[in-house]
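Read through the structure below, which is laid out as structure tokens, and then see the notes.
The values are calculated or read from the model by the stated rules, or taken from the named source; none is laboratory data. Nothing here was measured: the structure is a model prediction, and the numbers come from that model. Virtual Cβ from ideal backbone geometry, glycine too; neighbours counted across all protein chains shown.
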Amino acid sequence: MTVEIIGVGIFREILQRSKMPLEIKPVAGNPVTVFTVLETLDVLYEGQFAKELYLEDGKLNLWTRIMLNGRDIRFLDEDKLFVYEGDTILISSVMAGG
Amino acid sequence: MMFQGGWFGKLLRINLTTQTSMVEDIPEELLKKYIGGAALGSKILYDELAPGIDPLGEENKLLYTTGPLTGTDAPSASRLNIATKSPLTGTVTNSLSGGHFPVELKWTGYDIVIIEGKSKEPVYIVIKDDKVSFKSAEKLWGLNTFDTQTIIKEKLNDLEVRISCIGPAGENLSMMSAIINEARAAGRKGVGAVMGSKNLKAVAVRGTNKVPIANEEKFKAGVKGVYAGLKASPMAYPVFSKVGSVSAAEPVAAVGCLPSNNWQNDKEVDWVEKIGDKGLAETDQTNNSCYRCPISCSQVRMAKKGKYAGISTEGPEFETVYSLGSGVGVTNPTAIIGADRLCDELGLDTISAGVAISMAMELVERGILADEDGLGLQFGNDDAVMRLLRDLAYRQGQMGTIFADGTKCAVEKLGEHTAHYSMQVKGLELPAYDVRGFKAHGLNYATCYTGADHNKGYSIQEVFGMPVPYPVERLDIKGKGKLTKFNQDFAGLFDTITFCEFAAIFIPDQFQARVAEMISGATGLEFTEQDMWDVGERLNNLCRMFNLREGFSRKDDTLPPRLMTEPLKFGLSKGEMISKEDLDFMLDEYYEARQWDADGIPTPAKLTALGLEDTIKDLPQKG
């Protein structure tokens with residue numbers, strides 16, 4: 001399946017573009033979640049995603065934000081974290097401006 | 001009263017009618033409670049302006065207020081607040097700007113300058129330490145803001161003098177006119193028209209009084225804390241120093257919330273690539289810093305090619321990239337540079353002017369209004385933007401006459417059938433965030449004491465993902481009342497101590513503590529972190545009382561009809577809007593968080609707790 005990835009801030013720099021399609025190959029019996037997508041990206045970009053996304057204790061860095069179809073995943077129930085064909089995942093470092 | 005430090009404890013009161021000035025002591029109790037900047041300015045206006053006065057009449061006052069950190073070594077803390085009753089909104093207002101003018105003003109030895117009355121002929125004021133003089137501005141009237149500053153410097157034979165002035169827009173009383181301090185704008189709410197209504201072209205200042213610091217050790221500890229906080233920030237130096245405020249375009253556009261074509265957002269465009277930091281990267285660029293600011297965010301950009309080649313501007317800031325870019329459908333970054341520069345020359349608020357032009361464009365495209373002057377008012381036509389900007393400032397031509405005072409006034413002239421296209425709250429045109437996708441930011445637009453002002457309650461949690469005081473879901477409406485109170489009181493403090501908003505949001509979890517340290521050190525008085533929160537809350541309650549006294553009520557805490565009835569059409573916020581029911585829900589929450597009643601009226605208990613007992617007599621009578 002193909003999902004759209006949007007990178008903001010440091011993640012745009014890692015992707016070297018603001019958005020890109022990402023092919024995910026589901027493994028039988030394992031539904032694809034947001035975290036599957038993040039792992040795929042991390043492999044593709046040789047650890048750069050995990051370095052920015054996770055703290056040393058493995059928890060998500062509060063100063064980053066991941067959205068699935070516009071919704072912050074921190075506020076989604078576990079059963080809402082599944083990813084389907086055509087979904088959009090936005091990954092952002094904290095930003096400023098105005 | 002001798003102050004130990006921070007404040008001089010003096011205000012300069014200038015009467016333009018009589019061309020006289022006098023110096024007054026500022027009571028210590030007043031300074032302790034209201035500190036400076038926005039809170040002190042609002043308090044003086046509350047006490048000295050009779051309800052219902054005409055903002056462009058002789059009775060209105062124009063206040064330049066500084067804070068106890070202005071002109072000290074405190075980083076990012078030397079801004080200027082201009083307080084007055086706004087002609088655009090009818091509310092009390094505070095409009096701030098940076099640069100170097102604020103420091104020079106403070107060094108004259110005054111914390112506040114109050115300008116009253118109206119001169120018979122155009123004048124400018126020169127304040128050199130304790131000497132005040134009035135000079136004829138007959139030959140300056142009509143000049144743009146940059147020429148005005150150059151000529152005043154030549155006349156005074158002083159290249160170091162710092163100048164605050166208006167351009168043709170302020171002279172012609174456009175309610176969208178700004179006061180330009182060097183190249184910085186105290187841009188919003190028509191403060192330039194107030195200056196113009198007094199026949200005052202400029203204020204030139206030169207000072208030699210060093211601001212005393214009462215407790216160097218404590219002050220330096222606070223300063224060091226701010227520097228350390230900025231250094232640790234993931235945004236301050238890595239992003240903001242390099243790109244400036246335009247960096248906001250990326251997170252806002254990524255979720256489909258950069259308004260375009262008068263908030264119709266009817267076309268999918270990659271705005272960041274076209275006119276965001278990517279688009280603007282095609283221009284020559286250098287930094288310019290406000291006094292004692294280590295971040296130096298302001299970008300001076302020059303167009304390299306095309307019809308705008310050679311034009312440079314300090315900016316454009318993110319707001320202008322929206323208002324004179326996506327908002328009017330312009331995708332050429334050099335055209336935005338040209339329009340930004342023109343607004344600074346004319347002394348126009350880029351946000352209100354851009355939104356007014358975008359409304360005119362939509363009315364023409366929909367066939368509601370004929371483009372009688374043949375400006376070519378279609379989205380994307382940058383030539384039309386440049387032509388109409390001039391017409392707005394000179395209040396000339398069909399469109400210039402209709403829109404010179406903003407979109408709310410335009411509706412009054414054109415008829416209620418055009419109200420749907422007027423993107424303003426309390427008369428103030430909307431800044432660059434489509435709040436259909438940022439609910440607390442929308443609640444701030446609805447409730448902010450001076451109309452839709454993004455700087456007075458910025459939802460950094462929703463827009464930028466800052467997890468302070470806690471992470472939030474931008475699309476939820478629940479919990480946004482409490483959050484908006486937090487954001488508005490946070491902003492109330494930085495407006496009061498004239499600290500830069502950007503620097504403040506880079507240290508959001510320690511801002512109050514660092515400020516308390518610095519102010520305690522500077523003044524020799526003891527301020528706690530809680531005192532700092534109280535200052536912000538007091539400001540918001542005092543301004544609410546000012547506006548209630550002017551006749552504002554819950555019905556004015558609203559949003560433009562378009563945002564409440566038209567869902568977003570594309571992107572990650574598709575389908576979102578803030579319905580009337582959503583807004584009512586958030587307003588109820590907000591009033592409760594503020595301890596106001598269901599009509600949005602502060603309770604006597606709240607006012608008393610904040611030391612605002614003297615305003616209780618002005619509470620609206622019910623029944």
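Residue pairs whose Cβ atoms lie under 6 Å apart, separated by 6 or more positions or on different chains, with the first residue in the range B:307-324 and free of Cβ contacts under 8 Å to residues at least 60 places away in the same chain and the second in a strand (DSSP E or B), are B:312/B:302. Test residue B:354 against the criterion of being part of a helix (DSSP H, G or I), closer than 23 Å to residue B:89 by Cβ and not β-branched (Val, Ile, Thr), and give yes or no. For residue B:354, the condition - part of a helix (DSSP H, G or I), closer than 23 Å to residue B:89 by Cβ and not β-branched (Val, Ile, Thr) - is met. Within the range A:48-76, being at pLDDT 95 or above and part of a loop (DSSP other than H, G, I, E, B) holds for A:69, A:70, A:76. Selection within the range B:487-519: residues that are more than 23 Å from the chain's Cα centre (by Cα) and of a type in the set (D, E, K, R). The member of this set that is surrounded by the most Cβ atoms within 10 Å (Cβ to Cβ) is B:514.
Looking at residue A:58, is it at positive phi, without any contact (Cβ under 8 Å) to a residue 24 or more places away in the chain and not aromatic (Phe, Trp, Tyr)?
Working: at positive phi: yes; without any contact (Cβ under 8 Å) to a residue 24 or more places away in the chain: yes; not aromatic (Phe, Trp, Tyr): yes.
Yes.
Residues that are buried (at least 22 other Cβ atoms within 10 Å of the Cβ) and at the interface with chain B (Cβ under 7 Å from one of its Cβ atoms) occur in the range A:58-68; there is at least one. When the range A:1-35 is examined, which residues are found to be within 14 Å of chain B (Cβ to nearest Cβ) and either of a type in the set (Ser, Thr, Tyr) or in a strand (DSSP E or B) (or both)? Passing the criteria: A:3, A:4, A:5, A:6, A:7, A:8, A:18, A:19, A:20. Residue count for the range B:322-334 satisfying the condition of being within 17 Å of residue B:356 (Cβ to Cβ) and out of contact with any Leu (no Cβ under 6 Å at 6 or more places or on another chain): 8.
Filtered by the rule that a residue be assigned to a helix (DSSP H, G or I) and under 19 Å from residue B:40 (Cα atoms), the range B:102-146 gives B:102, B:103, B:105, B:106.
Where helices (runs of 4 or more DSSP H) fall entirely within the range B:367-479, those with at least 1 residues that are among the small types (Gly, Ala, Ser) are at B:382-394, B:397-403, B:406-414, B:439-447.
In the range B:546-559, the residues that are in contact (Cβ under 8 Å) with a residue 40 or more places away in the chain reach residues that are charged (D, E, K, R) with C-beta atoms within less than 6 angstrom, at least six apart or across chains, in these pairs: B:549/B:618; B:554/B:599; B:556/B:426.
Only a single criterion out of (1) at pLDDT 90 or above; (2) under 23 Å from the mean Cα position of the chain (by Cα); (3) exposed (fewer than 15 other Cβ atoms within 10 Å of the Cβ) is not satisfied by residue B:231, namely (2).
Quick grid of which residues meet (1) within 14 Å of chain A (Cβ to nearest Cβ); (2) buried (at least 18 other Cβ atoms within 10 Å of the Cβ); (3) within 23 Å of the chain's Cα centre (by Cα):
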site: B:521; (1), (2), (3): no, yes, no
site: B:532; (1), (2), (3): no, yes, yes
site: B:544; (1), (2), (3): no, yes, yes
site: B:549; (1), (2), (3): no, yes, yes
site: B:552; (1), (2), (3): no, yes, yes
site: B:565; (1), (2), (3): no, no, no
site: B:569; (1), (2), (3): yes, no, no
site: B:584; (1), (2), (3): no, no, no
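For every residue, the table says whether it meets (1) over 27 Å from residue B:108 (Cα atoms); (2) buried (at least 21 other Cβ atoms within 10 Å of the Cβ); (3) more than 11 Å from every other protein chain (Cβ to nearest Cβ); (4) hydrophobic (A, V, I, L, M, F, W, C).
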site: B:214; (1), (2), (3), (4): no, no, yes, yes
site: B:237; (1), (2), (3), (4): yes, no, yes, no
site: B:240; (1), (2), (3), (4): yes, yes, no, yes
site: B:249; (1), (2), (3), (4): yes, yes, no, yes
site: B:252; (1), (2), (3), (4): yes, yes, no, yes
site: B:263; (1), (2), (3), (4): yes, yes, yes, yes
